[in-house]
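The values are calculated or read from the model by the stated rules, or taken from the named source; none is laboratory data. In this text, all values refer to a predicted model and were calculated from it rather than measured experimentally. Please note: Cβ atoms are built from the backbone with ideal geometry, for glycine as well, and neighbour counts cover all protein chains shown. Just the protein is used for accessible areas: all its heavy atoms, side chains included, with ligands, DNA and RNA removed. Shrake-Rupley method; radii C 1.70, N 1.55, O 1.52, S 1.80 Å.
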Amino acid sequence: MIPAAEALERLREGNRRFASDASALAATGFRTRRLETAPNQEPFAVILGCADSRVPAEIVFDQGLGDLFVIRVAGNIVAPSQIGSVEFAAARTGARLVVVLGHSRCGAILATLEEMGRPSKEQSRGLRSIVERIQPAIEPVLLSQISPTDDALIRRAVRANVQASVQQLYRGSGILERLVQSDGLMIVGAEYCLETGTVEFFDGV
Ligand SMILES: [Zn+2]
């Protein structure tokens, strides 16, 4: 089992390789690792990230087969199935680091801001289920004016949404709470920047 602090350092190093175009993966090939990991998985971290096509967790952290247990959903929201997936990964695979990974200019956040500024009756039930999870997370950071073109506001909203997901994982699961308190599990928030390729971890970790 890899301790959370060491897992975090691996992610930092991988992201540095990715952001500086020095990926270690491309040169090594996949066959050996595929055979090694086929019998069972021991990922060193869990990533709950956005489904955005520009933020594939394995690539931005320069990690290969079997390294990361990745859950992706628009807006990196936490619904019961996401909690169940994180519980499975933490309890059954031994991963001791969970990262909620948001990103700059997230479309799900923009859609939520738009909906708050100008509610539409035509929104599908499926999309509404995402917006309704993001809205309470970002309401506290909005000032009086809701404008989806305000970069500072979008940035605050992205971060607030990540923090809300972190809190929901802490509070929404007795299994995760127990692993945090007595078995070294760490849950942290982070933001990926689409332009620079760098990941910033929150809360000084
Ligand atoms: Zn997104």
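Looking at the stretch 88-112 only, could you name the residues that are assigned to a loop (DSSP other than H, G, I, E, B), more than 10 Å from the ligand (Cβ to nearest atom) and open to solvent by 10 Å² or more (accessible area, probe 1.4 Å)? Scanning the stretch 88-112 gives G94, R96.
Annotation note: Cβ proximity below 6 Å between a residue of the stretch 115-126 that is at pLDDT 80 or above and a residue that is part of a loop (DSSP other than H, G, I, E, B) (sequence gap 6+ or interchain) occurs for M116/I146; G117/I146. Answer yes or no as to whether Q63 is open to solvent by 60 Å² or more (accessible area, probe 1.4 Å), more than 14 Å from the ligand (Cβ to nearest atom) and among the polar types (S, T, N, Q). Considered against the rule, which asks whether it is open to solvent by 60 Å² or more (accessible area, probe 1.4 Å), more than 14 Å from the ligand (Cβ to nearest atom) and among the polar types (S, T, N, Q), Q63 comes out as no. Taking the criterion of being in contact with a Ser or Thr (Cβ under 8 Å, 6 or more places away or on another chain) and either free of Cβ contacts under 8 Å to residues at least 40 places away in the same chain or surrounded by fewer than 22 Cβ atoms within 10 Å (Cβ to Cβ) (or both), the residues of the stretch 66-81 that qualify are G66, F69, I71, A79.
Test L169 against the criterion of being buried (at least 22 other Cβ atoms within 10 Å of the Cβ), away from the ligand (no atom under 16 Å from the Cβ) and under 20 Å from V73 (Cα atoms), and give yes or no. Yes; evaluated as a whole, the condition is true for this residue. Filtering the stretch 33-57 to residues that are farther than 17 Å from I2 by Cα, open to solvent by 70 Å² or more (accessible area, probe 1.4 Å) and either within 16 Å of the ligand (Cβ to nearest atom) or of a type in the set (D, E) (or both) leaves E36, S53, R54.
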